[in-house]
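This report concerns only the one structure given below.
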């Protein structure tokens, strides 16, 4: 029994002596818990700038459409950019600067003035195909605000009764409506008029809106959704085009961490010292490690994309742009590898520090939780995460249709982060 306790005490002391390993065993889980507590405080998001970034484009240019655009601009669920043309908004969604665009189509104001007859209010949503959950959320938010506006209209029942009677007259004069359907519409309008008369007496506008929506299949709002990509169909070739860029990034993370831990292991076991005995300079050793990491990281990314093309039918919009994205992302992860190897003193610390840092970068870069659900300060902080820029660059070559000009910004950020990390890591790295 004493022997068992002695071994246990020895292992605990070794853990306590390894400061980095102790940190990632005890304090890093605390940081993760606090991080997600901040992210999801109050039901997710929180703070200014935590809504879905969208553009609102008013093609109707009426008082009614302007009022609805203002309602969306004030919605806490949205972060609205105004003043864009339809083409500008579509381009912003395609390149990933915005997650969607709300387009109020011509005739919106007229339909809002006459909600009981004729064409419904038509709204088109232009969405980012890589954010399907956000697209559904955006549709729900827009539809809800459209019906809330109708509730306000029901707040003046006398005016609404006049619109109902006007719609009834339009229905009776509509020669395209089959005679067999006229009695049903007569019944609907009469029932709606009676309901508004009751609302006028009781003042329950929300109940009136809900009742009208259930009566006769009334559809005052029609929302259509279209995904925006570089492809004429508006969709990637398949769902794997959306998932393989993320898979490539996780593969690069694994390669970078593997090389970092290997460098730490070679240092602790004396392999690097033996390499220095040979006619090799310190620069030769570090450059060789960097080249090896770059080759393996790039090869993994290329292999994954070849599998995506051959086995899953993923067709990149631009192979040269995709190649540039892979090269710049690989170079960035080489720099991160060097910095992780330099600050890790043991293999256990390298594993803990590596995964801790990479997972943190993935979290603040939108690789695990969409940035739209993050507080405003996390969105601002995400610009330092290479995961964010790697994902944008890879998507740009796979389905967003980036030009080399549009690829310049993410590639410059990736090379800048990688270069700074490599320079700092090379300065701190000790061979012995």
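The values are calculated or read from the model by the stated rules, or taken from the named source; none is laboratory data. Note that this is a predicted model, so its numbers are computed, not measured. Cβ coordinates were reconstructed from backbone atoms using ideal geometry, including for glycine residues, and neighbour counts include every protein chain displayed.
Residues in segment 98-118 that are surrounded by fewer than 18 Cβ atoms within 10 Å (Cβ to Cβ) and in contact with a strand residue (DSSP E or B) (Cβ under 8 Å, 6 or more places away or on another chain): 107 alone. Does residue 334 fit the bill of being modelled with pLDDT of 90 or more, crowded, with 20+ Cβ neighbours inside 10 Å and closer than 23 Å to residue 421 by Cα? Taking the combined requirement at face value, the residue satisfies it. For segment 71-86, the set of residues classified as in contact with a strand residue (DSSP E or B) (Cβ under 9 Å, 6 or more places away or on another chain) and assigned to a helix (DSSP H, G or I) consists of 72, 73, 86, listed by residue number. Take residue 39 and decide whether it is surrounded by 16 or more Cβ atoms within 10 Å (Cβ to Cβ), within 20 Å of residue 140 (Cβ to Cβ) and either at pLDDT 90 or above or not assigned by TED's automatic domain parsing to the domain that holds residue 222 (or both). No, not satisfied.
For segment 343-387, a residue qualifies if it is more than 22 Å from the chain's Cα centre (by Cα) and buried (at least 21 other Cβ atoms within 10 Å of the Cβ), and the qualifying residues are 344, 349, 350, 353, 354. Among the residues making up segment 99-125, a single one is within 26 Å of residue 366 (Cβ to Cβ) and modelled with pLDDT under 90: 99. Out of all the residues in segment 3-21, is one or more crowded, with 17+ Cβ neighbours inside 10 Å and either outside any loop (DSSP other than H, G, I, E, B) or modelled with pLDDT of 65 or more (or both)? Looking through segment 3-21, at least one residue is crowded, with 17+ Cβ neighbours inside 10 Å and either outside any loop (DSSP other than H, G, I, E, B) or modelled with pLDDT of 65 or more (or both).
For residue 310, the requirement of being modelled with pLDDT of 85 or more, assigned to a helix (DSSP H, G or I), surrounded by fewer than 16 Cβ atoms within 10 Å (Cβ to Cβ) and on the phi < 0 side of the Ramachandran plot is met. Taken over segment 313-324, the criterion of being exposed (fewer than 14 other Cβ atoms within 10 Å of the Cβ) and either modelled with pLDDT of 95 or more or within 17 Å of residue 391 (Cα to Cα) (or both) is satisfied by 319, 320.
Results for (1) surrounded by 15 or more Cβ atoms within 10 Å (Cβ to Cβ); (2) modelled with pLDDT under 80; (3) outside any strand (DSSP E or B), shown as yes or no for each residue.
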| position | (1), (2), (3) |
| --- | --- |
| 213 | yes, yes, yes |
| 223 | yes, no, no |
| 226 | yes, no, no |
| 232 | no, yes, yes |
| 237 | yes, yes, yes |
| 242 | yes, no, yes |
| 246 | yes, no, yes |
| 252 | yes, no, yes |
